[in-house]
Amino acid sequence: MELLSKLVQKLVQLHGYDAKGNLARISYQLALDLEEERLQKTQYLAYKKIKFRREAALSDLIAHSFAEVILYQEIFTQSGINPKEIKKEEDLIRFPLVTKRMFLERTPTEIIAKNISGRRIVQGITSGSTGEPFRHFKDKKFSVTQRANLYRPWRWAGVEPTSPIVHCSAPHAVNKTPNTVFLHPHFIKEKIAEYAEKIKSSGAKIIRGYPLTNFELVWNLKKTGYNDIKFTHAFFVGHALSLGIREFFKEEFNCETYLYYASEETGVLAAECERHDGMHIYEESFIIEILGWRGRPVPDGTRGKIVITSLLNEVMPLIRYDIGDIGMIIPEQCRCRRTSRRIIVEGRKEDMLLRSDGQSIYPGIVRDILDEYFYAFERYQVIQTAKDMLLLRVVPAEKFSQENLRKARNEFQECVGNSMKIIYEVVDEIPPLPSGKFRYFVSPYWREQYPKEILESEI
């Protein structure tokens, strides 16, 4: 009761909540505090102890998936595997990989556990680094753990998550964290005076979001003379983070940058600590394998395919899920003394788009529009072919028609403005990059604004 009393006082102090009318929020905050406390204790546990606890959760997940999920029932049956035979993580190698395509080809009733209440189900869609649209279903039961995982590197960096935070990102990210100063990532140059005033009045010293949008924001703050704005910490996710961007934040703001590894379907999987030497895997929540081209595990320090088993989703279980990313496990333990393994991931490469009037267009906003047409497009790509022209290329899906292509193009046009001409073409294939990643947006014109060394070298 003493802890609950302190929590109520804290909420009223920070947010002005009426404790009697916000019991649900108070309960959630209490659960979050306890979960953060648990994770603080486990981060220095011997890896064998974490693995032992994780395998107990894996055993429960396997039994649940076999009993309640049609897709997994069929996989076990067709592969001739008895679920009871998967007792250790090493036994997972016997289980076939599960891909996005396997989920896409099934109805929700075939991939969602039959015994789960609809109140626990959250639906989302992600375009993903491989270029395939992916409708997925997450589990509210684990929302507290996922939020605690989001906050972990903030705590490592000495940052209070309720501090004012600048978030230059797509509108769907509004209100995802408390005390967020949301800045729309379109036309940053045009709005830089307005944005500077918002940042200064908020007192925010923390910035988070995609590397490219936040780099464009701080570059223009410096270029237009707002030298009184300082950031102490930056938390980046979603795209490749170049060494140049990291050094720019350090040199211009004395700002430490931290990198997340996350996806819409899994939540945060790993994050950097204060040593900035690879990302610590959230071992309590995920089993991560690195596989070679033959589908066999490779030694630590060897690049390969990332395969994930999530322990945070009973609604749509992800067992040996091929997420479509490439990475490697760092062999040595981190100098910070945390016992979790560290991973290096090849990030998604992407460009902003540049209008003919010099204003930038954030691809995430465009993706929110075009992703709605994945029922008609198997894939799409936007290429800036001239300063005033964009080419929308689409691979048709089963429900494709010229009418929905024109509709998508018109919504795209409204988003970027009439100063840009949009043409489109229907193609049979849009190949990925040699890494297997897919590049949705390509604009040499946007990159020409900045020194090449800032954007080119990946960490």
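Contact map, the stretch 426-447: residues that are among the small types (Gly, Ala, Ser) paired with residues that are modelled with pLDDT of 85 or more, Cβ distance under 7 Å, separation 6+ or inter-chain. Pairs shown: Ser435/Ile326; Gly436/Ile326; Ser443/Met352; Ser443/Leu353; Ser443/Leu354; Ser443/Gln384. Every condition in (1) loosely packed, with under 13 Cβ neighbours inside 10 Å; (2) touching a residue at least 12 places away in the same chain (Cβ under 8 Å); (3) over 16 Å from Ile287 (Cβ atoms) is met by Gln78 except one, and the failing one is (2).
Taken together, the criteria place Glu160 among residues that are surrounded by fewer than 22 Cβ atoms within 10 Å (Cβ to Cβ), touching a helix residue (DSSP H, G or I) at 6+ places or on another chain (Cβ under 8 Å), acidic (Asp, Glu) and over 16 Å from Val268 (Cα atoms). Of the residues in the stretch 388-398, at least one is free of Cβ contacts under 8 Å to residues at least 40 places away in the same chain, outside any strand (DSSP E or B), touching a Ser or Thr at 6+ places or on another chain (Cβ under 9 Å) and open to solvent by 20 Å² or more (accessible area, probe 1.4 Å).
For the stretch 286-305, the set of residues classified as of a type in the set (Val, Ile, Thr) and under 14 Å from Leu92 (Cα atoms) consists of Ile287, Ile288, Ile290, listed by residue number. Could you say whether any residue in the stretch 283-292 is open to solvent by 10 Å² or more (accessible area, probe 1.4 Å) and among the polar types (S, T, N, Q)? No, every residue in the stretch 283-292 fails to be open to solvent by 10 Å² or more (accessible area, probe 1.4 Å) and among the polar types (S, T, N, Q). Would it be correct to say that Arg275 is open to solvent by 10 Å² or more (accessible area, probe 1.4 Å), in a loop (DSSP other than H, G, I, E, B) and touching a residue at least 24 places away in the same chain (Cβ under 8 Å)? Here the answer is yes, as Arg275 does meet what is asked.
For (1) under 15 Å from the mean Cα position of the chain (by Cα); (2) assigned to a helix (DSSP H, G or I), each residue gets a yes or a no:
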{"position": "Gln146", "(1), (2)": "yes, yes"}
{"position": "Val181", "(1), (2)": "no, no"}
{"position": "His186", "(1), (2)": "no, no"}
{"position": "Phe215", "(1), (2)": "no, yes"}
{"position": "Lys222", "(1), (2)": "no, yes"}
{"position": "Gly225", "(1), (2)": "no, no"}
{"position": "Phe231", "(1), (2)": "no, no"}
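For the criterion of being crowded, with 23+ Cβ neighbours inside 10 Å, touching a helix residue (DSSP H, G or I) at 6+ places or on another chain (Cβ under 9 Å) and either among the charged types (D, E, K, R) or part of a loop (DSSP other than H, G, I, E, B) (or both), Glu252 fails.
Residue-wise test of (1) assigned to a loop (DSSP other than H, G, I, E, B); (2) touching a Phe, Trp or Tyr at 6+ places or on another chain (Cβ under 6 Å); (3) β-branched (Val, Ile, Thr).
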residue: Glu283; (1), (2), (3): yes, no, no
residue: Ile287; (1), (2), (3): no, no, yes
residue: Trp293; (1), (2), (3): yes, no, no
residue: Gly301; (1), (2), (3): yes, no, no
residue: Ile308; (1), (2), (3): no, yes, yes
residue: Ile329; (1), (2), (3): no, no, yes
residue: Ser340; (1), (2), (3): yes, no, no
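Kindly establish whether Tyr44 is of a type in the set (Phe, Trp, Tyr) and modelled with pLDDT under 80. Here the answer is no, as Tyr44 does not meet what is asked. A count restricted to the stretch 27-56 and to residues that are within 20 Å of His280 (Cα to Cα), in contact (Cβ under 8 Å) with a residue 40 or more places away in the chain, among the hydrophobic types (A, V, I, L, M, F, W, C) and in a helix (DSSP H, G or I) stands at 2. Would you point out which residue out of Ser263, Ser310 is within 21 Å of Glu68 (Cα to Cα) and hydroxyl-bearing (Ser, Thr, Tyr)? Sole residue among the options that is within 21 Å of Glu68 (Cα to Cα) and hydroxyl-bearing (Ser, Thr, Tyr): Ser310. Counting only residues that are touching a Pro at 6+ places or on another chain (Cβ under 8 Å) and farther than 23 Å from Pro363 by Cβ, which one in the stretch 180-238 is surrounded by the most Cβ atoms within 10 Å (Cβ to Cβ)? Result: Ile206.
Confirm whether Arg367 is in a loop (DSSP other than H, G, I, E, B), surrounded by 14 or more Cβ atoms within 10 Å (Cβ to Cβ) and not hydrophobic (A, V, I, L, M, F, W, C). Spelling it out, it is not the case that Arg367 is in a loop (DSSP other than H, G, I, E, B), surrounded by 14 or more Cβ atoms within 10 Å (Cβ to Cβ) and not hydrophobic (A, V, I, L, M, F, W, C). Of all residues in the stretch 102-128, those satisfying the criterion of being of a type outside the set (Val, Ile, Thr) and surrounded by 12 or more Cβ atoms within 10 Å (Cβ to Cβ) are Met102, Phe103, Leu104, Arg106, Pro108, Glu110, Ala113, Arg120, Gln123, Gly124, Ser127, Gly128. In the stretch 255-272, of all residues being part of a loop (DSSP other than H, G, I, E, B) and of a type in the set (Asp, Glu), the one that is surrounded by the most Cβ atoms within 10 Å (Cβ to Cβ) corresponds to Glu265. When we screen Arg342, Arg335 for residues that are modelled with pLDDT of 95 or more, farther than 27 Å from His64 by Cα and crowded, with 20+ Cβ neighbours inside 10 Å, the only hit is Arg342.
Only a single criterion out of (1) in contact with a helix residue (DSSP H, G or I) (Cβ under 7 Å, 6 or more places away or on another chain); (2) open to solvent by less than 10 Å² (accessible area, probe 1.4 Å) is not satisfied by Leu311, namely (2).
The values are calculated or read from the model by the stated rules, or taken from the named source; none is laboratory data. Keep in mind that this is a model prediction, so the values were computed, not measured. Note that we place each Cβ from the backbone using ideal geometry, even for glycine, and neighbour counts take in every protein chain shown. To get the accessible areas, we keep the full protein, side chains included, count just its heavy atoms, and leave off ligands, DNA and RNA. Shrake-Rupley method; radii C 1.70, N 1.55, O 1.52, S 1.80 Å.
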